[in-house]
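Enquirer: I'd like to ask some things about the structure below.
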Amino acid sequence: MLLAELARREGLFDWAAAHAAQSAKGSPVRLFGLVYIVGIVVTAFLSNDATAVVLTPAVYAAAKAAKAKPLPYLFICALIANAASFVLPISNPANLVVYDNHMPSLGLG
């Protein structure tokens with residue numbers, strides 16, 4: 001949460017929103033795809049919590065900057081935060097059930 005607040009204060013969300021709106025070139029479908037891809041990357045490299053906490057304000061700002069209704073984009077942000085975390089063996093409690101006794105090695109021995 002501290003990271004999200006620092007990013008907001010530094011204008012990261014405004015910058016990301018402007019860049020996403022420009023990259024989408026007025027296409028709601030393209031903006032949706034951008035949110036989806038960025039959500040996967042953030043979740044895979046950080047965690048589903050990072051996607052939910054850090055990416056959500058950026059997605060909201062991007063939707064507003066693109067003059068789109070933010071709710072569908074916020075839904076995809078929440079969906080991808082949960083769905084993409086399944087690739088990480090220990091980031092999502094549900095994975096403990098999925099992996100059961102076959103947890104992948106974390107390289108610790």
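Enquirer: So which residues in region 54-75 are at pLDDT 80 or above, buried (at least 18 other Cβ atoms within 10 Å of the Cβ) and outside any loop (DSSP other than H, G, I, E, B)?
Expert: Within region 54-75, 55, 56, 57, 58, 59, 61, 62, 63, 65, 73 meet the criteria.
Enquirer: For region 20-37, what are the residues that are assigned to a helix (DSSP H, G or I) and over 13 Å from the mean Cα position of the chain (by Cα)?
Expert: Passing the criteria: 20, 21, 22, 23, 24, 28, 29, 30, 31.
Enquirer: Being at pLDDT 80 or above and either closer than 17 Å to residue 16 by Cα or open to solvent by 90 Å² or more (accessible area, probe 1.4 Å) (or both) is the filter here, so list the residues in region 77-109 that pass it.
Expert: Selection gives 77, 79.
Enquirer: Same structure, new question: Applying the selection to region 38-49, what residues are farther than 17 Å from residue 60 by Cβ and under 8 Å from the mean Cα position of the chain (by Cα)?
Expert: Matches in region 38-49: 40, 41, 43, 48.
Enquirer: I need every pair where a residue in region 13-40 that is open to solvent by 60 Å² or more (accessible area, probe 1.4 Å) has its Cβ under 9 Å from the Cβ of a residue that is of a type in the set (D, E, K, R), sequence separation at least 6 or different chains.
Expert: Short answer, once both residue conditions are applied: 14/8; 26/67; 28/69.
The values are calculated or read from the model by the stated rules, or taken from the named source; none is laboratory data. Note that the coordinates shown come from a computational prediction; the quantities given were computed from them, not determined experimentally. Every residue, glycine as well, gets a Cβ built from its backbone with ideal geometry; the counts of neighbours run over all protein chains shown. Only protein heavy atoms, including side chains, enter the accessible area calculation; ligands, DNA and RNA are left aside. Shrake-Rupley method; radii C 1.70, N 1.55, O 1.52, S 1.80 Å.
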